[in-house]
Amino acid sequence: MNKELSLQEILEWYLCAGVDETCGNEAFAPIPESPAPRQAAGLSVRQATTGLAQATGSACQNAREICARASTLEELRAEVEKFEGCALKMTAAHTVFGDGNPQARVVFVGEAPGADEDRIGIPFVGRSGQLLDKMLAAAGLERSSCYITNILPWRPPGNRTPLDSEIAVCLPFLQRQLDIIDPDYIFMLGGSAANALLNTAETISRMRGRWLEYEKSNGRKALVLASFHPAYLLRTPGQKAKAWADLLRLVSRMKEQKN
Ligand code: URA
């Protein structure tokens, strides 16, 4: 095994463990074996960063290739369940793929499964999901008529904020679900999900309340609304009225376009 390859392996090991950033100027110590492989001792921060970026890039490419092979949601689900390019899978109990009507006119997108979703394997089944279900039913949208999914199919340990690299690797899975379903509307649950799909850094307070667009790979655009995440609404009930107004705006536009 040559020196380059060994270095790459160490970097990949770090990436798999969820470490995708370096800080400080000192080279990090290798992890896998003890005593540590000698060639890693001289690793510079720049080399480490480059290696991590390359590993993320190749996992993204792999995810995109897998997606291109899947033409149905079931095929895609099977591919995502087999995928080994995201470290989150190692700590998750289940792959939480999307749930609902494959022909839905509207897709709801959250950030990542929580503990209940990880245990059961279905998105939005915990407290946030129960609130979402109630809101949908009250707005006249049955959950079973919609499709519900997340940016990430695996729970980040302890519900930590997902890393940019994890989002980048998993985004093709969401994009492919949207291509296959081809919805007219997408409703983003929370600012992080909206930022990831729409590739923006705007705050949810600035994004909510206005129509946005998402272009699917067939060139057709879905209308997008972004609103507060149900978990945030549980913590901040004073914001429920705004989220409710967002949902009603969606339902009324869907009704208008049907007639
Ligand atoms: N929060 C999310 O963003 N997604 C879920 O599936 C559950 C909670």
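Laboratory data are not the source of any read-out in this text; all were calculated from the coordinates shown. Treat the numbers as computed from the prediction; the structure is a model and nothing was measured. Here the Cβ positions follow ideal geometry from the backbone for every residue, glycine too, while neighbour counts run over all protein chains shown.
Modelled spin-label separation between SER252 and ILE120, with each label point placed 7 Å from Cα along the Cα-to-Cβ direction: 3.2 nm.
Amide H contacts of GLY110 (H built 1.01 Å from N, in plane; Pro and chain starts excluded): THR149, ASN150, ILE151, LEU189 sit under 5 Å, all sequence-distant by 5 or more or on other chains. The H on the amide N of ALA226, modeled in the peptide plane, is under 5 Å from the matching H of MET188, GLY209, ARG210, each at least 5 residues off or on a different chain. Net charge in the neighbourhood of VAL96 (other residues with Cβ under 13 Å of its Cβ; Lys, Arg +1, Asp, Glu -1) is -2. For ILE186, the shell of other residues with beta-carbons less than 15 Å away shows a net charge of +2, using +1 for Lys and Arg and -1 for Asp and Glu. Here's the picture: charge each Lys and Arg Cβ at +1 and each Asp and Glu Cβ at -1 in region 172-259, and of TYR232, TYR214, ALA201 the one pushed furthest to the positive end of that dipole is TYR232. The phi-based Karplus calculation (6.51 cos²θ - 1.76 cosθ + 1.60; θ = phi - 60°) puts the 3J(HN,Hα) values of region 182-195 at 6, x, 7, 9, 10, 10, 8, 9, x, x, 5, 5, 5, 4 Hz, whole numbers, x for Gly and Pro. The distance linking region 127-173 with region 192-259 is 13 Å (Cα centroid to Cα centroid, whole angstrom).
Phi-derived couplings, Karplus 6.51 cos²θ - 1.76 cosθ + 1.60 at θ = phi - 60°, listed residue by residue for region 132-148: 4, 4, 5, 5, 4, 4, 5, 8, x, 10, 6, 3, 5, 8, 9, 10, 10 Hz, with x used for Gly and Pro. In order along region 197-202, phi translates into HN-Hα couplings of 6, 8, 6, 9, 10, 5 Hz, rounded to whole numbers, per the Karplus curve 6.51 cos²θ - 1.76 cosθ + 1.60 with θ = phi - 60° and x for Gly and Pro. Site pair ARG206 and ARG64 shows an inter-label distance of 2.8 nm when each label is modelled 7 Å from Cα along Cα→Cβ.
Packing-based ranking of 211-220, 156-165 yields 156-165, 211-220, ordered from highest to lowest mean Cβ neighbour count within 10 Å. The simple spin-label model puts a point 7 Å past each Cα toward its Cβ; for ALA139 and THR49 those points are separated by 4.1 nm.
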